Every structure is written in structure tokens, then in C-alpha cells.
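Asks: Pasting in a structure now, in C-alpha cells, and then I'll have a few things to ask.
The values are calculated or read from the model by the stated rules, or taken from the named source; none is laboratory data. A quick note: this is a predicted structure, and the numbers were derived from the prediction, not measured. All Cβ positions, glycine included, derive from the backbone under ideal geometry; neighbour counts span all protein chains shown. Note: areas computed on protein heavy atoms with side chains; ligands, DNA, RNA excluded. Shrake-Rupley method; radii C 1.70, N 1.55, O 1.52, S 1.80 Å.
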Amino acid sequence: MRDLVAAEQQWADALDLKRWSAVIGGSLGGMRALEWAISAPERVERLLVLATTAAASPDNQACYSTQVRAIELDPAFQGGDYYGAPEGGPIQGLALARSIARLTYGCEREFGLRFQHEDAAAVQDYLRDDAERLCRRYDANSYRVLTDAMSGHNVGRHRGGIAAAMARIQARTTVISIDSDRLFPPHQQLELVRHLRCAVSYTSIDSDDGHDGFLSEQSQLAPLIEQALAEVEDSDIS
């Protein structure tokens, strides 16, 4: 995750963007937003993170490892050198990885409302169709790299721990949870709030969509984001 942010910082330097009015991100984007505010606190005026965490939990890492393993066990994976192969790469492994991930992006409430007491085949069909859509637009190696990046995320590594790392943040910060999120449950966002030493506000929104609520609940999120951006003081910043 730090490598991703280091690349973004070099890109910003190349464009002579010295300071951001706001850095906003959810989930993996929230991990990167935290890294921005910790590694370059003087460059971030306002920070808004949604449905994210300071460090991948063992539960997160267990889920991520099964997804990567599903891809690597596909015979078509060929050690990652599958480009140009007639099989088209580890499509079955990628599809299974997506289905595993989809269980963490949703929640019991979402699946209950979506399927109620339908036959199990309806759930299987939904997961298969969802996985096929992802496979048409995603590369398995890219999936592995990003999944490993999330699994290794820990803002406190080599910084004296999470509390010390979070104390570096200077930006006015907004933290938002999704109440039904089972990938990054609200207690992980509350941990962020506890460790921050800057001005911070916290909100939890109600959603039937689990982790994906940070994408679907725009009517609830829009006013929170607007309020956060309105608090940014007028200044000569990029």
C-alpha cells in the first residue's frame, strides 16, 4: 500500500501538486488515503476515510489468502505466466476468488433481503453471474497484487505501531463506518478515531449492503462528504 502511495506522490510531484484540499477514499482507497496523511501530513488539508482500517486483521488476511490461493491452484495459472495461453488464464480460479470476496462485501442482511428463502441454486447463480462479470474486465495477476497489498496493509509497521503512525496525521479528518460491514467492521474505524490527535468527526450509516454500502448509500454519504469539503479553508492549495 505504501508503494502505491509513493507512486502517487511522485506523480503529484511531477505535476507540481504540493498540497491537496482533501484526500478521500473508501476500502482500499481509504488505506491509501491514510498512508497519504501519515507519510506526507503537510500535503493533506482534509482527510475523509470510509469503511477502511489501519491494518488488515487476521480475519481479513485469512479471507485474502483463500482468494489468492484459489487463483494459484487453477491449472491455467501457470505460475502467473499465462498471457497468450489458449486457456485464457486462470478464469475459474479468479471467479472463485471473486465469489469468496463477494461474501465479505455483502452481509447476512443483504443476502436475506435479496433471496429470502429461495432455493440455494438462486444464490449460486447470483455468485456465478457476479464472478463472470468481474472476469470479463479483470486480470488475475492484478487481482493477486491488489489483494496482497490489502493483506499487508499496516500503517504502524516500522513506525512504532498504529497509535504512533496515526498521531502523525494533521489533517481535519472525517471517519465513516457502514453499520453492517463485515469486511472492515465499525470497531476498526473507531480504532482510527481513538488514535487520531487531530480534529476528527465520526459517523456510522445504516445500510443493508454490508461493506458495499460505501458505494451504494450515496444519499446518506453525499451530505457527509459535502460537509467535510465545506470545512476546508479557502487557501492556495491544489
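Asks: Counting only protein chains, not ligands or nucleic acids, how are 182, 144 ordered by accessible area (probe 1.4 Å), most first?
Replies: Working: 182 105, 144 50 Å².
Of 182, 144, the descending order of accessible area is 182, 144.
Asks: Sticking with this one: If r is the Cβ-Cβ distance from residue 126 to residue 204 and R0 is 35 Å, what FRET efficiency results, to the nearest 0.05?
Replies: E(calc), rounded to 0.05, equals 0.80.
Asks: Let me ask something else. Most mobile of 35, 110, 87 per a Gaussian network model of the chain (Cα springs, under 10 Å)?
Replies: Its mean-square fluctuation being the largest, the pick is 87.
Asks: Looking at the chain as a GNM with Cα springs under 10 Å, which of 192, 73, 47 has the largest mean-square fluctuation?
Replies: 73
Asks: Please report the relative contact order for the range 41-127, taking Cα pairs under 8 Å with a sequence separation of at least 6, and give it as a percent rounded to a whole number.
Replies: 23
Asks: What number does the range 117-159 give for Rg over Rh if you use C-alpha atoms and the Kirkwood radius?
Replies: With Rg and the Kirkwood Rh in hand, the quotient comes to 1.25.
Asks: Can you give me the % of accessible surface on the range 136-238 that is carbon or sulfur? Probe 1.4 Å, all protein chains present, nothing else counted. Spell out each step's value before the answer.
Replies: On the way: 2620 of 5310 Å².
Within the range 136-238, the accessible surface is 49 percent carbon and sulfur.
Asks: Give me the accessible area per residue for the chain, probe 1.4 Å, as a whole number in Å².
Replies: 50
Asks: If one computes the Cα centroid of the range 190-206 and of the range 43-113, what distance in Å separates the two points?
Replies: About 27 Å separates the Cα centre of the range 190-206 from the one of the range 43-113.
Asks: Here's something else I'd like to know. With springs only between Cα atoms under 10 Å apart, run a GNM on the chain and tell me which of 113, 221, 50 wobbles the most.
Replies: Per the Cα network of the chain with a 10 Å cutoff, 113 tops the list.
Asks: How much FRET efficiency would the formula 1/(1 + (r/R0)^6) give for residue 113 and residue 137, where r is the Cβ-Cβ distance and R0 is 22 Å, rounded to 0.05?
Replies: The computed FRET efficiency comes out at 0.25.
Asks: Starting from the Cα gyration tensor of the range 2-50, take the square roots of the eigenvalues, sort them a ≥ b ≥ c, and report rounded, prolate or oblate (rounded when a/c is under 1.5, otherwise prolate if a/b is larger than b/c, else oblate).
Replies: It is oblate, given that a/c is not under 1.5 and a/b is not larger than b/c.
Asks: Whole percent per 5 Å bin, from 0 to the bin with the longest distance: what is P(r) over all C-alpha pairs of the range 104-232?
Replies: Using 5 Å bins, I get a P(r) of 2, 9, 13, 16, 18, 17, 12, 8, 4, 2, 0 for the range 104-232.
Asks: Tilt of helix 91-105 relative to the longest C-alpha principal axis of the chain, in degrees (0 to 90, nearest 10)?
Replies: Between helix and principal axis, roughly 50 degrees.
Asks: Dividing the Cα radius of gyration by the Kirkwood radius, what Rg/Rh value follows for the range 87-151? Intermediate values should be presented prior to the final figure.
Replies: Working: Rg = 13.2 Å, Rh = 12.9 Å.
Computed over Cα atoms, the ratio is 1.03.
Asks: Quick check: at a probe of 1.4 Å, how many percent of the accessible area of the range 9-95 sits on carbon and sulfur atoms?
Replies: Answer for the range 9-95 is 55 percent, counting heavy atoms of protein chains only.
Asks: Checking the a/c ratio against 1.5 first, then a/b against b/c, what shape does the Cα gyration tensor give for the range 4-134? Kindly include the intermediate steps, with their values, before the conclusion.
Replies: Details: a/c = 2.71, a/b = 1.53, b/c = 1.77.
Note, shape of the range 4-134 comes out oblate.
Asks: Let me ask something else about it. Given 0.36 nm per residue, what is the gain on full extension from residue 81 to residue 159 after removing their alpha carbon distance, in nm? Numbers along the way, then the final one.
Replies: Details: separation 78, 0.36 × 78 = 28.08 nm, distance 3.58 nm.
Additional length available on full extension: 24.5 nm.
Asks: If you don't mind, another one. Please work out how much length the chain gains when fully extended from residue 148 to residue 229, using 0.36 nm per residue of separation minus the C-alpha to C-alpha distance, in nm with one decimal.
Replies: 26.0 nm
Asks: If you don't mind, another one. How far apart, in nm, are the 7 Å Cα→Cβ label points at residue 69 and residue 8?
Replies: Taking the two extended label points, one gets 3.1 nm.
Asks: For the chain, just the Cα atoms, rotate onto the principal axes and tell me the three extents in Å, largest first.
Replies: Principal-axis extents of the chain (Cα, largest first): 54, 43, 31 Å.
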